1. Students often get this wrong, so try it: which of [x] 2, 8, 12, 13, 14, 13, 11, 8, 7, 6, 4, 2, 1, 0; [y] 1, 7, 11, 11, 9, 8, 6, 6, 6, 6, 5, 5, 4, 3, 3, 2, 1, 1, 1, 1, 1, 1, 0, 0, 0, 0; [z] 2, 9, 19, 22, 21, 15, 9, 3, 1, 0 is P(r) over Cα pairs in 5 Å bins from 0, in percent as calculated from the structure shown?
2. Could you tally the net charge around PRO140, taking each other residue with its Cβ under 12 Å from the Cβ of PRO140, Lys/Arg +1 and Asp/Glu -1?
3. Using a simple charge model, +1 on the beta-carbon of Lys and Arg, -1 on the beta-carbon of Asp and Glu, nothing else, what dipole does the range 112-178 show about its Cα centre, in debye to the nearest 20?
4. Within straight cross-link reach of LYS115, meaning Cα distance under 27 Å, which lysines are found once same-chain residues fewer than 8 apart are removed?
5. Report, to one decimal in Å, the Kirkwood hydrodynamic radius for the range 78-154 based on all distinct Cα pairs.
6. Go through the range 62-74 residue by residue and turn each phi into a ³J(HN,Hα) via Karplus (6.51, -1.76, 1.60, θ = phi - 60°); whole Hz please, and just put x for glycine and proline.
7. Mind putting a number on the dipole of the chain about its Cα centre? Charges go on the C-beta only, +1 for Lys and Arg and -1 for Asp and Glu, and I need it in Debye to the nearest 20.
8. Enumerate the calculated ³J(HN,Hα) couplings along the range 122-133 in order (Karplus 6.51 cos²θ - 1.76 cosθ + 1.60, θ = phi - 60°), each rounded to whole Hz, writing x wherever the residue is Gly or Pro.
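The values are calculated or read from the model by the stated rules, or taken from the named source; none is laboratory data. All values derive from a computational prediction rather than experimental measurement. Backbone-built Cβ (ideal geometry, glycine too); neighbour counts: all protein chains shown. Surface accessibility is based on the protein's heavy atoms, side chains included, excluding ligands, DNA and RNA. Shrake-Rupley method; radii C 1.70, N 1.55, O 1.52, S 1.80 Å.
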Amino acid sequence: TSASITLNAGSFTDESGNPFGTAESFSGITIDTLAPSLTITSSPGSLGGSNTTSTITFTLSEVAPDFGNLTKTDFTFSGGELSNLSQVSPTVYEAIFTANTSSTAAGLVSLAANKYTDNFLNPGSGGSLATKITIDTLAPTVAITSSTSKLAIGETATIQFQFNEPMDATSVQLGDFI
């Protein structure tokens with residue numbers, strides 16, 4: 001939004017009674033009272049196995065020159081660590097979220113309101129991930145049982161492997177057993 005000011009001719013006089021002559025206008029005022037908004041996304045949205053990092057993207061509705069000055073202490077996050085905040089474009093920043101080891105706790109990232117401003121010093125709104133990051137960096141466990149504790153020549157036993165979570169059957173090979 002913009003504003004202007006006009007002073008009409010003859011609208012005032014000096015101490016001697018001379019009227020103000022020519023109308024004067026000034027239109028160089030820009031008004032911005034809208035707070036910048038923030039959207040936070042992650043990619044990928046699931047972490048586990050060898051993939052333990054997600055790119056967190058912070059998209060601003062308008063330029064916020066001080067957003068790049070934020071540090072990890074300005075953000076609230078859980079399920080991992082946040083690092084390497086960098087500017088991608090005038091309104092987009094990225095950071096790296098690294099999942100905690102041995103965890104299934106969801107990844108969360110948020111920023112409270114009033115942590116950054118736009119060019120007119122309007123304080124920015126807060127934001128948080130719309131969808132939590134799914135994390136499974138917990139190594140599977142296995143319980144091994146036998147149908148018998150003693151075997152004689154010619155006898156057999158049934159050995160059972162009970163995993164604590166679903167396993168990729170193709171990842172277990174006969175050579176894995178000693």
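1. [y]
2. Details: positive: none; negative: ASP136, GLU165, ASP168.
Net charge in that neighbourhood comes out at -3.
3. About 220 debye.
4. Hits, sequence-local ones excluded: LYS72, LYS132.
5. Its Kirkwood hydrodynamic radius stands at 16.7 Å.
6. Once rounded to whole Hz, the list reads 7, 4, 10, x, 9, 4, x, 8, 5, 10, 4, 6, 7.
7. 660 debye
8. Residue by residue, the range 122-133 yields 6, x, x, 6, x, x, 8, 4, 5, 10, 4, 7 Hz.
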